[in-house]
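As structure tokens, the structure follows; a few thoughts come after it.
The values are calculated or read from the model by the stated rules, or taken from the named source; none is laboratory data. Note that the structure is a prediction, hence the values are computed from the model and not measured. For neighbour counting, all protein chains shown are included, and Cβ atoms are generated from backbone atoms with ideal geometry for every residue, glycine included.
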Amino acid sequence: MNAHRTLRAALLLAVALCGLGARGAAAEEYRGQRGYLFLSRGANPMAVRWFRGEHANYPQMAGPLAGMALAECRLGRDEDARGHLKQARALDPDDPLVAAADACYAAREARHGALEDHLERAAAASRIPFHAREHARYLLHQGRWQEAEAALQQMLVVGWNEGAIQSMLATAQLAQGQPDGSEAAARELLDRFPKAHLAIYVLLLLELSGEPLGPGGSPTLPLMITWSNGNEVVLAKAEILRREGLLDEAELQAGRRKIDPDDPFPWSVLARLAVDLGDPAAARERVAEARDRWPLHPSVLLTEAHVAAADGERTLATELLEDARARGIPPWEVEFEREVAARLDALPERP
């Protein structure tokens, strides 16, 4: 892990937490909590409506316009989003929600350097947890576990002790081989927030990190949890079923998701399932989209190796598997790594 980047991320977050960000003291930050809640939950149509009302109430503030632009960008309403973002930037170009909306467009256009810069700028300019959490989520989804853990620990220090932050921290710790702490954190969260889907997700990752279930295996906790429909949870369950060879059940489970997931591991599960169901075109499409968003995440690299091996591309699959190993295979992917290696070994040597 790049120690310089880890230190940089921690320093940027420390600046934000101390209220010493780049914005001038005269610039007032919009603090409408309900709008941030809608954005955090992915309830983008509700966010658009909320921010539209807030703009009517606070026409001189950039935040409501930028929040509307962010939600519209997520919904693909480009004309509206760009118009509102232009208005917001004219009012206050340094507003954190302006940077967050810029980050949305950078993500859609696979401009990874700009995406990270915008997220860092928003986190450094705001004292609202949403922005620091989004930056930490970006680090987590890029497989930069140590940097994500450092940022999340800083958030806990200042009292941002919500379930999503603790669940993300448990995931970062598990990815680095700290399963005991992850399980304790996830179970504690479930005691406090009985329907915290991200905590359930950590427990599913723990299950996937254990001994392989094997044909006819009987999953214990994960598939007994039926009251959470978070996309991460739904697709982690689908991966357990896929590993058991229960493809029809896995396909049915994957079909329960409400939207496409915003996490490289469950997104990858969709491509793996497509391979096993005999739909290579869908698998290639999924993995190409994932590489645009998370180009160096081990789960995505492993999945692309799986797709390449299924296509008989031995050299490409070997390179991708080696790249994934160089990035560091998280414990929940070790069994899948063996699966990819076995598929690769079964391919005939080319003359």
Could you count how many residues in the range 161-182 are modelled with pLDDT under 80 and polar (S, T, N, Q)? 3
Any residue in the range 259-268 that is more than 19 Å from Arg74 (Cβ to Cβ) and modelled with pLDDT of 95 or more? yes
Could you run through the range 312-326 and say how many residues are in a helix (DSSP H, G or I) and surrounded by fewer than 19 Cβ atoms within 10 Å (Cβ to Cβ)? 9
Does the range 1-58 hold any residues that are among the acidic types (Asp, Glu) and modelled with pLDDT of 90 or more, and which are they? Glu54
Exactly one of Ser209, Ser218, Ser228 is surrounded by 13 or more Cβ atoms within 10 Å (Cβ to Cβ), at pLDDT below 80 and hydroxyl-bearing (Ser, Thr, Tyr), and that residue is Ser228
Residues of the range 41-84 being farther than 24 Å from Glu28 by Cα and among the basic types (Lys, Arg), which ones? Arg41, Arg74, Arg77
In the set Gly177, Gly163, the lone residue that is surrounded by fewer than 24 Cβ atoms within 10 Å (Cβ to Cβ), touching a Phe, Trp or Tyr at 6+ places or on another chain (Cβ under 7 Å) and not assigned by TED's automatic domain parsing to the domain that holds Ile329 is Gly163
Can you say whether Asp78 is modelled with pLDDT of 95 or more and charged (D, E, K, R), as far as the supplied structure shows? no
